[in-house]
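The values are calculated or read from the model by the stated rules, or taken from the named source; none is laboratory data. Nothing here was measured: the structure is a model prediction, and the numbers come from that model. No Cβ is skipped: glycine too gets one built from the backbone with ideal geometry, and neighbour counts run over all protein chains shown. Just the protein is used for accessible areas: all its heavy atoms, side chains included, with ligands, DNA and RNA removed. Shrake-Rupley method; radii C 1.70, N 1.55, O 1.52, S 1.80 Å.
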Amino acid sequence: MVRSLWTAATGMNGQQMNIDTISNNLSNVNTTGFKQHRAEFEDLLYQNVKLAGTPATEDTVTPEGLQMGTGVKVGATQRIMTQGSLQATGVDTDLAIVGEGFFRVQQYDGSWAYTRDGSFKIDSTGQLVTANGNRVIPEIIMPEGFMIETLSISDTGVVNVKVNGAVDPVQVGQLELYRFPNQVGLENVGDNLYKVTNASGDPIASRPGFESMGIVKHKFLEMSNVSVVNEMVQMIVAQRAYEFNSKAIQTSDTMLQTAVSLKR
């Protein structure tokens, strides 16, 4: 019975982490480019009371063993990389990735990070940056006298803009996207950014629309892929599982109380 107390406690801890994951998903339901996470569970070590194949007689062995489980743990939080819905914004510097790929940005310390959030801005120097001021790589720098309302970005990432009322636009840059052998191995670092890890592999660069890379959509944003309905269902399941484990603890406690009160 003491084992059952601790086993059920691991179940309650696991479901608490599950609820934490669901809460994070729901809190980011309107976060641009956010990808849903899912808690994945693993059973803990087993106590082998009797091993399968133990000799029963001189000529036979036991067909089944006797193992006692010790509970559960959260083994990983799987990132679901499905495409989020596109929202037309009409903002000249907004971009959405349709398909595989990430934008690369340079942080203040010079390191690179990757994002699906294409809500870019143009800073005081005419450079394309994120909302936090991180520069988009390769650098896209607008020429002097450019007109923001004439900015156009093709599906393949070619950036054009008109200068000082000129009839013909000029090309000011070429966007690149980056993909990874194992994109779910990227590390979330906040601010809608990901960092490379040993699990993700090295980034592979290509122009949008080439070499299995997705395309970019101008004046659109990719929204979160979190489904509120699915998250609410998962929350109910997690709540009930938490209650079941708490009931197991209460039942074990009642059985221990009965054993203690046998002798009066």
message = Contact list please: Cβ distance under 7 Å, first residue in region 59-71 and surrounded by 13 or more Cβ atoms within 10 Å (Cβ to Cβ), second residue of a type in the set (Lys, Arg), pairs at least six apart or on different chains.
response = Thr62/Lys50; Gly65/Lys50; Leu66/Lys50
request  = Test each condition in (1) more than 18 Å from Leu221 (Cα to Cα); (2) more than 21 Å from the chain's Cα centre (by Cα) for Ser152 and report the one that comes out false.
outcome  = (1)
inquiry  = When you check Gly75 against the structure, is it open to solvent by less than 80 Å² (accessible area, probe 1.4 Å) and assigned to a loop (DSSP other than H, G, I, E, B), yes or no?
reply    = no
Meets criteria (without any contact (Cβ under 8 Å) to a residue 40 or more places away in the chain, touching a Pro at 6+ places or on another chain (Cβ under 7 Å) and either more than 26 Å from Arg79 (Cβ to Cβ) or of a type in the set (Val, Ile, Thr) (or both)) for Val196 = no
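Inspect region 45-61 for any residue being modelled with pLDDT of 90 or more and outside any loop (DSSP other than H, G, I, E, B) and give the result as yes or no. It would help to see each step written out before you state the result.
Taking region 45-61 as the starting set, the residues that turn out to be modelled with pLDDT of 90 or more are none.
The answer is no, given that none of the residues of region 45-61 is modelled with pLDDT of 90 or more and outside any loop (DSSP other than H, G, I, E, B).
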note = Quick count over region 4-35, residues being in contact with a Gly (Cβ under 9 Å, 6 or more places away or on another chain) and either open to solvent by 90 Å² or more (accessible area, probe 1.4 Å) or not in a helix (DSSP H, G or I) (or both), is 6
ask   = Going by the conditions given, is Glu231 without any contact (Cβ under 8 Å) to a residue 40 or more places away in the chain and either open to solvent by less than 70 Å² (accessible area, probe 1.4 Å) or in contact with a Lys or Arg (Cβ under 8 Å, 6 or more places away or on another chain) (or both)?
value = no
request  = For residues that are open to solvent by less than 40 Å² (accessible area, probe 1.4 Å) and in a strand (DSSP E or B), scanning just region 81-100, find the one that is nearest to Arg207 (Cα to Cα).
outcome  = Ile97
task = Could you list, in sequence order, all residues of region 157-180 that are open to solvent by 50 Å² or more (accessible area, probe 1.4 Å), at pLDDT below 95 and outside any strand (DSSP E or B)?
result = Lys162, Asn164, Gly165, Val167, Asp168, Pro169
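Test Phe210 against the criterion of being at pLDDT below 95, out of contact with any helix residue (DSSP H, G or I) (no Cβ under 8 Å at 6 or more places or on another chain) and within 18 Å of Gly99 (Cα to Cα), and give yes or no. Show your work before the answer.
On the way: at pLDDT below 95: yes; out of contact with any helix residue (DSSP H, G or I) (no Cβ under 8 Å at 6 or more places or on another chain): yes; within 18 Å of Gly99 (Cα to Cα): yes.
So Phe210 fits the description; yes.
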